[in-house]
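J.: Would you mind keeping the following structure in view while I ask a few things?
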Amino acid sequence: MSILQETIHQMGKQARAAAYKLAQLSSDEKNAILRAMAAAIRKATPKLLAANTLDLAAGRKKALSNAMLDRLMLDEKRIEAMAAGIETHIAHGRHPKRLADIIAGKGISTRFHAAVAS
């Protein structure tokens, strides 16, 4: 098994363990986690923007299409939209019963994944 495969396998095991623990939390505890996630995204804005600059440069070097670069591109408005999107789940009482779904990225935009990966 390659290092990448082993890393992905280990991440999967950790995600399953976390999902089990998250399933045991109350709605208030899950909401607190969601609020903390939104706050962490906002706090990390400068780091996300700096990392995104590198991602975009690498994408241009690899000749990604303009459409792909646009999907990858972050700015303060897009980052704020990610944080606000998480908070919307709380405000409207629509958060998933399984917080693990949010952490796994179900129902969150591609831009969120790009930010987390940066």
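J.: List every residue pair whose Cβ atoms lie under 6 Å apart, where the two residues are 6 or more positions apart in sequence or sit on different chains, the first residue falls within region 41-70 and is β-branched (Val, Ile, Thr), and the second residue, located anywhere, is buried (at least 17 other Cβ atoms within 10 Å of the Cβ).
T.: Qualifying pairs under 6 Å: Ile41/Met82; Ile41/Ala83; Thr45/Ile79.
J.: Give the residues of region 24-36 that are open to solvent by 70 Å² or more (accessible area, probe 1.4 Å) and within 16 Å of the chain's Cα centre (by Cα), sorted by residue number.
T.: Across region 24-36, the qualifying residue is only Arg35.
J.: Determine whether Asp55 is open to solvent by 90 Å² or more (accessible area, probe 1.4 Å) and out of contact with any strand residue (DSSP E or B) (no Cβ under 8 Å at 6 or more places or on another chain).
T.: no
J.: Among (1) part of a helix (DSSP H, G or I); (2) open to solvent by 70 Å² or more (accessible area, probe 1.4 Å); (3) in contact with a helix residue (DSSP H, G or I) (Cβ under 9 Å, 6 or more places away or on another chain); (4) at pLDDT 55 or above, where does Lys106 come up short?
T.: Condition not satisfied by Lys106: (1).
J.: Which is farther than 30 Å from Ala91 by Cβ, assigned to a helix (DSSP H, G or I), among the basic types (Lys, Arg) and open to solvent by 50 Å² or more (accessible area, probe 1.4 Å), of Lys21, Lys13?
T.: Just a single option satisfies the conditions, and that option is Lys13.
J.: Here is a further query. How many residues does region 37-48 contain that are charged (D, E, K, R) and surrounded by 12 or more Cβ atoms within 10 Å (Cβ to Cβ)?
T.: Of the residues in that region, 1 qualify.
J.: Which of the residues that make up region 68-92 are open to solvent by 70 Å² or more (accessible area, probe 1.4 Å), over 22 Å from Ala32 (Cβ atoms) and either among the hydrophobic types (A, V, I, L, M, F, W, C) or not in a helix (DSSP H, G or I) (or both)?
T.: Matches in region 68-92: Met68 only.
J.: Considering only region 30-40, state which residues are touching a residue at least 12 places away in the same chain (Cβ under 8 Å) and not charged (D, E, K, R).
T.: Residues satisfying the conditions are Asn31, Ile33, Leu34, Met37, Ala38, Ala39.
The values are calculated or read from the model by the stated rules, or taken from the named source; none is laboratory data. Just so it is clear, the model here is predicted, and its values are computed rather than measured. We place every Cβ from the backbone using ideal geometry, glycine too, and count neighbours over all the protein chains shown. These area figures cover heavy atoms from the full protein model, side chains too; ligands, DNA and RNA do not enter into them. Shrake-Rupley method; radii C 1.70, N 1.55, O 1.52, S 1.80 Å.
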